[in-house]
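Worksheet: the structure to be examined is printed underneath.
What follows is calculated from the coordinates using simple rules that are stated; it is not laboratory data. Remember, it's a predicted structure, so these values are computed and weren't measured experimentally. For neighbour counting, all protein chains shown are included, and Cβ atoms are generated from backbone atoms with ideal geometry for every residue, glycine included.
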Amino acid sequence: PLAILAVRRFGGPKADRDALRFLLVWLGVAAALIGLSNQQRLRYYVPIVPPMAVLLGWWLASAIVTHRRDRLRRLFVVLWVGCALAFVGGYHWELHRHNRAGDYGRLAAQMKPLIGDAPVVAAWGTPELPLAFYLDRTVIRIGSERELRDVLAREPRSVVVASEANWAGLAEGDRVTAVAHVLVRRRTRP
């Protein structure tokens, strides 16, 4: 935030102001697109890193020139190391929590013989990305019972991985058969 405010107050040459504004637009557009995404993966934030790094570098360079160098250098090192440790620790904790909560490898091992040459594998109420990874094939996401019926009408031999809540909501007359019941994910407390 301080770097962004410094850009707004910067009164240097026009070319420098234009370059800094370009970085702000780049940062803003990338952040807005990530914010609109319904699946915010960590890798989606990569496009934000270059403009943020340049802005922070410019801001720190200008701050070092105008303030005491030694004190600011120590502060920068402490903040940088603290942020890096917080990021790595938080990422490791989240990854560990996610891996502990879901056993998609076991599910995929049990599903592969059942899937065979099914034309479509769909996920309904379960994350499709881990399934696609462990099954090593495309998995489509289904968001509603209507979408499920559409998929089954197009491809009757489709395989659907559904959450227990979604499965329980199906009507008795539906032409859907459960071939396996596997606990994939335990509830975890944040």
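Would you kindly state how much longer the chain becomes between residue 157 and residue 45 on full extension, computed as 0.36 nm times their sequence separation minus their alpha carbon distance, in nm to one decimal?
Answer, rounded to one decimal: 36.5 nm.
Place the peptides 118-127, 155-164 in order of packing, highest mean first, counting for every residue the other Cβ atoms within 10 Å and averaging per peptide.
Taking the mean over residues of other Cβ atoms within 10 Å, the ranking is 118-127, 155-164.
Just grab the label-to-label distance for residue 19 and residue 129, each label 7 Å out from Cα along the Cβ direction, in nm (one decimal).
Here the modelled spin labels are 3.5 nm apart.
How much net charge surrounds residue 55 when only the other residues with a Cβ under 15 Å from the Cβ of residue 55 are counted, with Lys and Arg +1 and Asp and Glu -1?
In short, +2.
Round to the nearest 0.05 the FRET efficiency obtained for residue 61 and residue 29 when R0 = 25 Å and r is the Cβ-Cβ distance.
After rounding, the FRET efficiency stands at 0.50.
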